[in-house]
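Accompanying notes for the structure given below.
The values are calculated or read from the model by the stated rules, or taken from the named source; none is laboratory data. In this text the structure is predicted, and so the values were computed from the model without any measurement. All Cβ positions, even for glycine, are placed from backbone atoms using ideal geometry, and neighbour counts span all protein chains on display.
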Amino acid sequence: MQRLRPRTRAALAAAGAAAGVAAAAALVWGGYQVPADLLAPTLVLDLAVGWSFIGVGLVAWRRRPDSRTGLLMVVLGFAWFARFAVAVDSRAGFVVGVLVGSVYLSVLVHLLATFPGGRVQDRTQRVLVTVGYLLSAPLDAVFLFVFGAQRQLGEGPPPNGLVIAPSNGEFDPSGVDLAVQAVVVVLFGSLLATVFTRWRAAGPAQRRSLTPGAVGAALIVGTILVERTAVLLLIPPAVGVALAWSAAVVLVVWPLALLLGLLRSQLDRSAVGPLIVELGAGLPVPERLRSALAATLHDPSLELAYWLPERRAFVDPAGAPVTVAPARGRAMTYLERDGAPIAVLVHDPVLAAEPELVAAVAAGAGLAVENDRLHAEVRSQLREVQASRARIVEAADGARRRVERDLHDGAQQRLVTVALALRLAHTQLGTATSAELAALLDEAGAELAGALAELRELARGIYPVLLTDAGLGPALDSLAERCPVPAVVAAVPARRWAEAVEQTCYFVVSEALANAVKHARASQVAVEVRETGGGLRVEVADDGAGGADAGGSGLRGLADRVATLGGELTVRSPRGGGTRVVGTVPCA
Amino acid sequence: MVADDAALFRAGISRLLADAGFDVTAQVGDAAALLDAVDRDPPDAVVVDIRMPPTHTTEGLDAARVLAERHPGTGVLVLSAHVEPHYAMRLVESGASGTGYLLKERVADAGELADAVRRVAAGGVVIDPGVVAQLVGRRRVHDPLASLSEREREVLAVMAEGRSNQAICERLFLSPKTVEAYVHNVFTKLDLHQAADTNRRVLAVLAHLRA
């Protein structure tokens, strides 16, 4: 809905005032005789109700341009005054008066059913609002033109209960009126239930602004219900009169209750100042900013998450990763700084209707939020570093265990066999033939050769000597030559880099090739090393099965290793689409 | 002349070579001492460990390069524990005749060591069969070696070890004519220019295998 322009607002206010004056004039000089003792209270109450709705409606319209409640209140006020047309003692006045006489009740139903948004949002609301409108002008038109309701002459009080007076006893409880009244009772009963349900479902922040209006609504509807059932149950007219008066009084008060709700959220704006003072008072600790924001916005369920641009993820104030996604019954407000998001507030949806308040709080807390975000970032990095350190230690221990096992099961075992063969040869020196001895020694020689080959491969695996001696290019060539899957190494720049950089790149390729052989069932692998602006970029791409798990221990270990140099490892491995491992390592 | 920083290994090799009929003129413990000794009295061949003090990396290779310049008549056999074609290539690419790259463990076979020393002394090239096996066995997407017959591949491997046609005949029990035909086939199929001498032939074959 559009924002109300000041000129339009002024025009509407003037029209409202004029409508009130016109209604009062119609009542006093319309031609009917209003009992003298009733004239003053009737005038005061009716003007109060109409002007209250129009005035407060205009204020609500300005405060909550996103809600239609303000508009509906203004319309209700005008409809309230329009029914005074019936007080003009003429045919036209009578027809108009009867037709619009109960429209204000329809608008009231509309207002209550859709409070506080003012828009029809579900089926229940649609049914309530539709029935509400059908019961007013259309039904009155039927009474007027089909049943031919007769205009009374201008001797008594104006018709249609414009002036609250004891019923003249012409009510026919067995007629159409009874059915209509029953529908009205059901309608208002459902309305009351709807309002109560909505209030119960609301969060604390929403309840705070909902309660005054809801209490007023309950009073009005309750009064109307009692009043109508009083007619149905033939409660003495005096009671009916009292109820009708109190309904009118509540109608005056209700817009004021709404105004109170509005003032409450306006009061909250003044809480932004203390918030800033409080936030400036000390070093941020996790949770402190969140609770301060929650208190200021009256939403204890408020959650705060910080955006970390490098990790492209949200973390909570303690630095733990969190998922921020739209959820039922929750709304999100993004806080930005220089056009970039820095944090998100996940809160009660009612706050979304108060963008100004949230914006004011966000602006007030901006510096603290940015500060706290940096803290969260540091905490998050610390967590990551701690986790990565633990993984690196674990990986080193694992590697040591593997070396021990390889030595124990391989070379060591073979050397024991050699020692045994030599010992055997020694004891048989005098007895065995030289051919037997030669066979024994040959066996020992073969075992030794095997042990040597295993030790050579083990040493290579622990550390490739070529990497230090000759650099990354020759070392990667050697790796590719040994690779059981055809591997092509694109020309590697022939210069040397820092040892740690070369080693890391080497192990990225080595691990990626091992994966391509072991898991990917690749038919070929391409290795590429390029110098980029600030570092070295290694890419290993195979044409295998894909679906590699970047969180698996091998790739995870590689990522940790690359991260220790401030680099980054990305793994793209769509199922059936090959695996591409890219490591970038910054270097001078 | 033998250069190795491990005294026991040095003595063992000297003993093996002496038993095989060589005259071991000097035993030294590092590259600098080796160069000095060779400058004083250039031998027919030098057996040098690739890894020696002070850095324990590739001192043997560096010494071999210096010797190739200063004493082209002295053959250099580098002993190494690494099956790395890269090192062997570096040795052969230095262009010197009489160079060899042999795995240390071959010394267990005295005949093999003596054969290698004789060949480098005579100006030949020796590439360890293990290194050649790694090059020939490499997996390739479009393997040029796939067009070779089994026998041709055997000839190629022995050729890559630095053997002459005569040696190939002896090793594979083939007639000189047959070997020549195989060698011709290999060069044609691999689209290689047939080099004039054995050493350049080794270089061409190794370079092709490494490409």
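Across segment B:179-202, the qualifying residues are those that are of a type in the set (A, V, I, L, M) and surrounded by fewer than 16 Cβ atoms within 10 Å (Cβ to Cβ), and the one among them that is farthest from residue B:123 (Cα to Cα) is B:181. Tell me whether segment A:532-549 contains one or more residues that are within 13 Å of chain B (Cβ to nearest Cβ) and hydrophobic (A, V, I, L, M, F, W, C). No: zero hits.
Residues in segment A:306-333 that are under 25 Å from residue A:201 (Cα atoms) and not β-branched (Val, Ile, Thr): A:325, A:326, A:327, A:328, A:329, A:330, A:331, A:332. For the subset of segment B:134-159 comprising residues that are within 14 Å of chain A (Cβ to nearest Cβ) and either hydroxyl-bearing (Ser, Thr, Tyr) or in contact with a helix residue (DSSP H, G or I) (Cβ under 7 Å, 6 or more places away or on another chain) (or both), which member is farthest from residue A:450 (Cα to Cα)? Among residues in segment B:134-159 that are within 14 Å of chain A (Cβ to nearest Cβ) and either hydroxyl-bearing (Ser, Thr, Tyr) or in contact with a helix residue (DSSP H, G or I) (Cβ under 7 Å, 6 or more places away or on another chain) (or both), the one farthest from residue A:450 (Cα to Cα) is B:145. Every condition in (1) of a type in the set (D, E, K, R); (2) under 28 Å from residue A:479 (Cβ atoms); (3) modelled with pLDDT of 90 or more holds for residue B:140 except the one numbered (3).
Candidates are the residues of segment A:411-463 that are over 30 Å from residue A:504 (Cβ atoms), of a type in the set (Val, Ile, Thr) and surrounded by fewer than 16 Cβ atoms within 10 Å (Cβ to Cβ); the one that is farthest from the other protein chains (Cβ to nearest Cβ) is A:431. Look at (1) free of Cβ contacts under 8 Å to residues at least 40 places away in the same chain; (2) within 14 Å of another protein chain (Cβ to nearest Cβ); (3) within 24 Å of residue A:586 (Cα to Cα) and you find that residue A:502 fails only one, number (2).
Taking the condition within 11 Å of the chain's Cα centre (by Cα), crowded, with 23+ Cβ neighbours inside 10 Å and either farther than 20 Å from residue A:473 by Cα or away from every other protein chain (no Cβ under 13 Å) (or both), does residue B:64 pass? It is false that residue B:64 is within 11 Å of the chain's Cα centre (by Cα), crowded, with 23+ Cβ neighbours inside 10 Å and either farther than 20 Å from residue A:473 by Cα or away from every other protein chain (no Cβ under 13 Å) (or both).
For segment B:160-174, the candidate set comprises residues that are in a helix (DSSP H, G or I) and either closer than 18 Å to residue B:185 by Cβ or within 14 Å of another protein chain (Cβ to nearest Cβ) (or both); within that set, the residue that is nearest to the chain's Cα centre (by Cα) is B:160. Within segment A:464-485, if we keep just the residues that are touching a Ser or Thr at 6+ places or on another chain (Cβ under 9 Å) and facing chain B (nearest Cβ under 10 Å), the residue that is surrounded by the most Cβ atoms within 10 Å (Cβ to Cβ) turns out to be A:475. When the criteria are applied in full, residue A:108 fails the requirement of being within 17 Å of residue A:224 (Cα to Cα), at pLDDT below 85 and in the same structural domain as residue A:45 (by TED's automatic domain parsing). Within the option set A:580, A:575, A:530, A:521, being at pLDDT 90 or above and surrounded by fewer than 17 Cβ atoms within 10 Å (Cβ to Cβ) holds for one residue only, A:530.
Among the conditions (1) under 33 Å from the mean Cα position of the chain (by Cα); (2) farther than 17 Å from residue A:212 by Cβ; (3) crowded, with 22+ Cβ neighbours inside 10 Å, the only one that residue A:54 does not satisfy is (1). Kindly evaluate residue B:121 against the criterion of being of a type in the set (A, V, I, L, M, F, W, C), surrounded by fewer than 18 Cβ atoms within 10 Å (Cβ to Cβ) and assigned by TED's automatic domain parsing to the domain that holds residue B:80. Considered against the rule, which asks whether it is of a type in the set (A, V, I, L, M, F, W, C), surrounded by fewer than 18 Cβ atoms within 10 Å (Cβ to Cβ) and assigned by TED's automatic domain parsing to the domain that holds residue B:80, residue B:121 comes out as no.
Checking each residue of segment A:21-37 against the condition of being more than 23 Å from residue A:93 (Cα to Cα) and assigned by TED's automatic domain parsing to the domain that holds residue A:89 gives at least one match.
The residues of segment B:67-109 that are of a type in the set (A, V, I, L, M, F, W, C) and either away from chain A (no Cβ under 14 Å) or within 16 Å of residue B:37 (Cβ to Cβ) (or both), listed by number, are B:67, B:68, B:76, B:77, B:92, B:96. Residues of segment B:73-112 that are over 11 Å from the mean Cα position of the chain (by Cα) and of a type in the set (A, V, I, L, M, F, W, C): B:81, B:83, B:96, B:107, B:108, B:110. Residue A:34 - would you say it is under 19 Å from residue A:83 (Cα atoms) and not in a helix (DSSP H, G or I)? So residue A:34 passes the test. Filter segment A:382-397 down to the residues that are in contact (Cβ under 8 Å) with a residue 24 or more places away in the chain and not charged (D, E, K, R), then identify the one that is surrounded by the fewest Cβ atoms within 10 Å (Cβ to Cβ). That would be A:382.
Flag not set for residue B:107, criterion: more than 22 Å from residue A:462 (Cβ to Cβ) and surrounded by 21 or more Cβ atoms within 10 Å (Cβ to Cβ). Residues in segment B:116-131 that are away from chain A (no Cβ under 12 Å) and assigned to a helix (DSSP H, G or I): B:116, B:117, B:118, B:119, B:120, B:121, B:129.
Of the listed requirements (1) closer than 30 Å to residue B:48 by Cβ; (2) in contact (Cβ under 8 Å) with a residue 40 or more places away in the chain, residue B:147 misses just one: (1).
If I filter segment A:66-74 for residues that are at pLDDT below 85, in a loop (DSSP other than H, G, I, E, B), in contact with a Gly (Cβ under 7 Å, 6 or more places away or on another chain) and not aliphatic (A, V, I, L, M), do I get at least one hit? Checked segment A:66-74: at least one residue is at pLDDT below 85, in a loop (DSSP other than H, G, I, E, B), in contact with a Gly (Cβ under 7 Å, 6 or more places away or on another chain) and not aliphatic (A, V, I, L, M).
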